[in-house]
Amino acid sequence: MSVFVRHHATYMYFDKDAWVILDPIEQSIRAKIEKYGTPLRDWDIAINYGIKTGCNEAFIIDGAKRAELIAADPKSDEIIRPILRGKDIKRYGYDFDDKWLINIECGFTNSNRGNMKPEVFIKSTYPAVYQHFTDVANRPTKGKGLVDRDDKGDYWWELRSCAYMNDFYKQKIVYPCIMAQEPCFMLDEDQHFPPAPGNIITGQHLKYLLGFLCSKVCYFALREFYMGGGIEGELKTNRLLILPVPRPSENESLFDELVSNLIENKQVGADISLLDNQIEKLVVEAYHLTDEEVDFIHKKSFVRK
């Protein structure tokens, strides 16, 4: 061990990816987070990848193309869903960039076509979308293209099978896999379909959980203790699952109210600082952090002011 480590560090541990050195106050913060929190893997939640298309050029379209498809065939609207890409997702909110997903699920054709041949069925049911797919399939491509891609369903115009497809229609937390500047978690209640590498969290106590995930304390803990190595700000699912968060208690309703009000205020461009500070105070209390520990976290925080 180096002279610097002997003189300046009191705690070392091996965290799967590398040796980690903590000074006394970091050691105290981590100990409290793990004492009062429960790893998210033990919560009643599910964390899953976003949609994988295998050919974004075909399945992800802009608002102009969506309008064109619906004008040509109004039934197209049935299978077009709004999406949020990683860069669209912000802390407690999002910037919708008018991007959309054509969502023909694996098995859809088989369950609806009756005795009709699959290609005849899809061509007659959604002719405008089918023509769009055909146009994309006939273009030169550097990859495998629409027809020969790996991520596909039973037929080339379908998305691959996804056991949790219904979760995209539920209330969920959406987040990108890279968040190098601030915690980018938001609550989605409008049935957005984030494409991979965006992720979704579904289950119970989502507003309460969102308050913690968007806090300075939890973002500090993720960056300092749980994210691991790799790309700057990369949050892998297996790392998020070990983040300890206190289970909901009698103050859950207060959390929910504050988070709801903050989201509403953010949507209309109102000041959220007071609500933000109230949520942060509840998070600090839940982890039993001292003023000194909070000051240390804020000084090292990656959150933009």
Query raised in the report: Looking at 276, 291, 295, 271, which one is touching a helix residue (DSSP H, G or I) at 6+ places or on another chain (Cβ under 8 Å) and either surrounded by fewer than 18 Cβ atoms within 10 Å (Cβ to Cβ) or modelled with pLDDT under 95 (or both)?
Result: 271
Query - Hits in segment 217-242 (condition: β-branched (Val, Ile, Thr) and open to solvent by 50 Å² or more (accessible area, probe 1.4 Å)) - result: 231
Report task. For residue 258, state whether it is open to solvent by less than 20 Å² (accessible area, probe 1.4 Å), closer than 15 Å to residue 216 by Cα and among the hydrophobic types (A, V, I, L, M, F, W, C). Result -> no
Query raised in the report: How many residues does segment 133-173 hold that are of a type in the set (A, V, I, L, M, F, W, C), open to solvent by less than 40 Å² (accessible area, probe 1.4 Å), closer than 20 Å to residue 61 by Cβ and not in a helix (DSSP H, G or I)?
Result: 3
Report summary line: Within segment 87-106, residues in contact (Cβ under 8 Å) with a residue 40 or more places away in the chain and open to solvent by less than 30 Å² (accessible area, probe 1.4 Å) come out as 89, 91, 92, 93, 101, 102, 103, 104
Report task. Answer yes or no: is there a residue in segment 243-253 that is assigned to a helix (DSSP H, G or I), surrounded by fewer than 21 Cβ atoms within 10 Å (Cβ to Cβ) and touching a residue at least 40 places away in the same chain (Cβ under 8 Å). Result -> yes
**Report entry** Selection count where residues are more than 17 Å from residue 219 (Cβ to Cβ) and touching a Gly at 6+ places or on another chain (Cβ under 8 Å), scope segment 267-285
**Finding:** 1
**Report entry** Long-range neighbours under 8 Å by Cβ, at least six apart or interchain, first residue at positive phi within segment 180-209, second open to solvent by less than 10 Å² (accessible area, probe 1.4 Å) and in a helix (DSSP H, G or I)
**Finding:** 191/168
Query raised in the report: Do we find a residue being assigned to a strand (DSSP E or B), closer than 21 Å to residue 153 by Cβ and touching a residue at least 24 places away in the same chain (Cβ under 8 Å) anywhere in segment 53-71?
Result: yes
Query raised in the report: From the set of residues in segment 180-209 that are small (Gly, Ala, Ser) and under 17 Å from residue 100 (Cβ atoms), which is least open to solvent (accessible area, probe 1.4 Å)?
Result: 198
Query raised in the report: Of everything in segment 71-81 that's surrounded by fewer than 18 Cβ atoms within 10 Å (Cβ to Cβ) and among the small types (Gly, Ala, Ser), which residue is farthest from residue 123 (Cα to Cα)?
Result: 71
Query raised in the report: Is it the case that residue 68 is among the acidic types (Asp, Glu), over 15 Å from the mean Cα position of the chain (by Cα) and open to solvent by 80 Å² or more (accessible area, probe 1.4 Å)?
Result: yes
**Report entry** Filter result for residue 84 (part of a helix (DSSP H, G or I) and either among the aliphatic types (A, V, I, L, M) or surrounded by fewer than 16 Cβ atoms within 10 Å (Cβ to Cβ) (or both))
**Finding:** no
**Report entry** Number of the condition not met by residue 130 [criteria: (1) within 20 Å of residue 197 (Cα to Cα); (2) aromatic (Phe, Trp, Tyr); (3) open to solvent by 20 Å² or more (accessible area, probe 1.4 Å)]
**Finding:** (1)
Report task. Scan segment 112-127 for residues that are over 25 Å from residue 82 (Cα atoms) and open to solvent by 70 Å² or more (accessible area, probe 1.4 Å) and report the count. Result -> 5
Report summary line: Those residues of segment 286-300 which are over 26 Å from the mean Cα position of the chain (by Cα) and within 13 Å of residue 216 (Cα to Cα) amount to 289, 293, 294, 295, 296, 299
Report summary line: Note on residue 109: of the conditions (1) in contact with a Gly (Cβ under 6 Å, 6 or more places away or on another chain); (2) without any contact (Cβ under 8 Å) to a residue 60 or more places away in the chain; (3) surrounded by 17 or more Cβ atoms within 10 Å (Cβ to Cβ), unmet is (1)
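The values are calculated or read from the model by the stated rules, or taken from the named source; none is laboratory data. Computed from a prediction, not measured in an experiment: that's the story for all the values here. FYI the Cβ positions are ideal-geometry reconstructions off the backbone, even for glycines, and counts take in every protein chain you see. Keep in mind that these areas ignore ligands, DNA and RNA; they rest on the heavy atoms of the full protein, side chains included. Shrake-Rupley method; radii C 1.70, N 1.55, O 1.52, S 1.80 Å.
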